[in-house]
Amino acid sequence: MMVYLAREASKLWRRVAMEVSVELQLLAEKWKLLLLGVILQYIHGLAARGVHYLHRPGPVLQDLGFMVLPELGQERSYVSETLFTTMFISFLLWSFHPFIYNSKRFYTVLLWCRVFAFLVASQALRIITFYSTQLPGPNYHCREGSKLARLPPPDSIFDLLLLNFPKGILYGCGDLIFSSHMIFTLVFVRTYHKYGSKRFVKVLAWLIAIIQSLLIIASRKHYTVDVVVAWYTVNLVVFFVDKSLPEMPDRTGSIAPLLPLSNKEKDRTKEENHKLLNGNAGDAADWRQRNQVNGKYIEDGNHTHSGNVMNGMTVNGT
């Protein structure tokens with residue numbers, strides 16, 4: 001038993017070490033894009049913090065979702081956050097599974113470059129939308145009478161830049177249309193739907209997205225319009241951004257290269273394959289005329305032959 005465990009641990013370590021070396025090479029090439037994605041996440045949080053200073057509490061607007069769905073109440077508002085956190089961590093762990101499992105369909109670095117592209121495009125539209133019109137927040141801490149509904153002017157630039165983390169993130173107001181929770185949820189679900197391998201998990205992921213939408217409305221964290229707009233906006237953004245990005249290499253095939261090829265390498269590979277298929281591979285200078293004698297080819301080069309081979313006998317030339 002111990003021998004088996006030691007052997008499997010050794011295999012796992014070699015697999016992880018090989019994957020780390022591959023991903024580090026990709027990270028050395030793509031680190032600027034990933035860093036930009038992280039910085040833009042912070043800018044999105046900065047924008048959400050800024051709109052809180054503009055928020056003015058008022059009566060909760062009439063909402064069809066509020067009429068249909070029962071209110072969870074403040075004591076059960078954690079339910080939607082728990083589901084979202086579970087989904088977030090699950091996606092994060094899944095994105096790193098190529099480091100452990102033999103079955104691989106993507107490179108983790110390239111996957112997160114794609115995810116950040118989806119998130120940033122959606123969040124840019126979100127910032128434009130919630131700064132265009134500030135609605136009175138339906139969440140409990142954003143209603144009239146709450147001390148958190150309005151923020152006093154910041155004492156210094158650091159009050160704004162530090163986002164009052166984590167309180168400023170959890171108790172924000174004014175950044176309504178459209179839901180940031182649904183941006184992350186739909187981006188993660190669509191990414192797994194394309195690159196995941198388990199059909200059951202794909203169905204479950206879409207079901208979780210629907211449940212998450214209903215819980216957000218039932219928790220009164222967003223109006224129904226915030227969730228509805230997120231559903232069609234994020235899906236359209238992911239669709240068009242995904243089409244504009246180069247496709248990630250599929251690692252399921254056994255002949256897949258260790259690292260994704262550049263455009264020049266891809267063109268060179270296609271050209272070589274084309275030559276091989278058409279029988280034109282090799283150096284053009286090597287193609288010399290060959291004479292056929294008794295079913296065999298003899299090159300017309302600089303070689304000197306003392307005789308011709310005919311019918312298995314050697315006949316000296318005259």
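The values are calculated or read from the model by the stated rules, or taken from the named source; none is laboratory data. What you are looking at is a predicted structure, and each value in this text was computed from that prediction instead of being measured. Cβ sites come from the backbone with ideal geometry, for glycine too, and all protein chains shown count toward neighbours.
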**Q.** Close pairs from the stretch 36-61: first closer than 21 Å to Leu119 by Cβ, partner among the aromatic types (Phe, Trp, Tyr) and surrounded by fewer than 17 Cβ atoms within 10 Å (Cβ to Cβ), Cβ under 7 Å, at least 6 apart
**A.** Val51/Tyr131
Q) Out of the residues in the stretch 95-114 that are at pLDDT below 90 and among the basic types (Lys, Arg), which is surrounded by the fewest Cβ atoms within 10 Å (Cβ to Cβ)? A) Arg105
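Residues checked against (1) in contact (Cβ under 8 Å) with a residue 12 or more places away in the chain; (2) of a type in the set (Asp, Glu); (3) assigned to a loop (DSSP other than H, G, I, E, B); (4) surrounded by 19 or more Cβ atoms within 10 Å (Cβ to Cβ):
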site: Arg150; (1), (2), (3), (4): yes, no, yes, no
site: Pro153; (1), (2), (3), (4): yes, no, yes, no
site: Cys173; (1), (2), (3), (4): yes, no, yes, yes
site: Phe188; (1), (2), (3), (4): yes, no, no, yes
site: Tyr192; (1), (2), (3), (4): yes, no, no, yes
site: Gln212; (1), (2), (3), (4): yes, no, no, yes
site: His222; (1), (2), (3), (4): yes, no, yes, yes
site: Asp226; (1), (2), (3), (4): yes, yes, no, yes
site: Tyr232; (1), (2), (3), (4): no, no, no, no
Q | Scan of the stretch 94-112 for residues that are within 14 Å of Val16 (Cα to Cα), of a type outside the set (A, V, I, L, M) and in contact (Cβ under 8 Å) with a residue 40 or more places away in the chain, ordered by number | A | Pro98, Phe99, Asn102, Ser103, Lys104, Tyr107, Thr108
Q) Only one residue in Val79, Val68, Val3 is of a type in the set (Val, Ile, Thr) and touching a helix residue (DSSP H, G or I) at 6+ places or on another chain (Cβ under 8 Å). Which one? A) Val79
Q: Might you let me know whether the stretch 68-78 holds any residue that is in a helix (DSSP H, G or I), modelled with pLDDT of 95 or more, loosely packed, with under 14 Cβ neighbours inside 10 Å and among the basic types (Lys, Arg)?
A: no
(Q) Against the conditions (1) modelled with pLDDT of 90 or more; (2) in contact with a Lys or Arg (Cβ under 9 Å, 6 or more places away or on another chain), where does Gly172 fall short? Just the number, please. (A) (1)
Q) Got a sec? Which of Gly45, Gly65 is in contact with a Ser or Thr (Cβ under 7 Å, 6 or more places away or on another chain) and buried (at least 16 other Cβ atoms within 10 Å of the Cβ)? A) Gly65
Q. Applying the selection to the stretch 118-148, what residues are touching a Gly at 6+ places or on another chain (Cβ under 9 Å) and closer than 17 Å to Thr185 by Cβ?
A. Leu119, Val120
